[in-house]
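For reference, the structure is listed below as structure tokens.
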Amino acid sequence: MTASCATQRLISTAAPSPQIETPAEVRRPCSLYVLPPSASLMDLELGYATRGAQLVACDTARGAAVAIHDAEHALEARQAAEREKRLRPWWKVW
């Protein structure tokens, strides 16, 4: 007699969380200029300019990764709020 109670299926309310595609440029590790073993003054000047440009590019990629991460969390929070609102009983209006 109790077998029919055990066959009830629970409806899953879990939905896949939204994900934003991360660009390949953000995933690549940053490379920095390394001075040659016997560096001259020209190598030092070239190294400072090159390394500075590489640091700016790396910081830009890091900023993009952080922005993507924050946007993904905002989407997840919005989805959770909508899910909570949808699952609220009809007699509760707040």
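All of the numbers you see were taken from the coordinates with simple rules; none came from a lab. A quick note: this is a predicted structure, and the numbers were derived from the prediction, not measured. So basically every Cβ, Gly included, is an ideal-geometry build from the backbone, and we count neighbours across all protein chains shown.
Using a 7 Å offset from Cα along Cα-Cβ at Leu35, what residues in the range 41-82 end up with backbone N under 15 Å from the label point?
Label zone hits: 41-52.
Label points 7 Å out from Cα along the Cβ direction at Trp90 and Asp59: separation in nm?
Each label point lies 7 Å from its Cα, and together they span 5.7 nm.
Expressed as cubic angstrom per residue, what is the convex hull volume of the alpha carbon set of the range 40-88?
Numbers: hull volume 1.4 nm³, N = 49.
So the per-residue Cα hull volume is 29 Å³.
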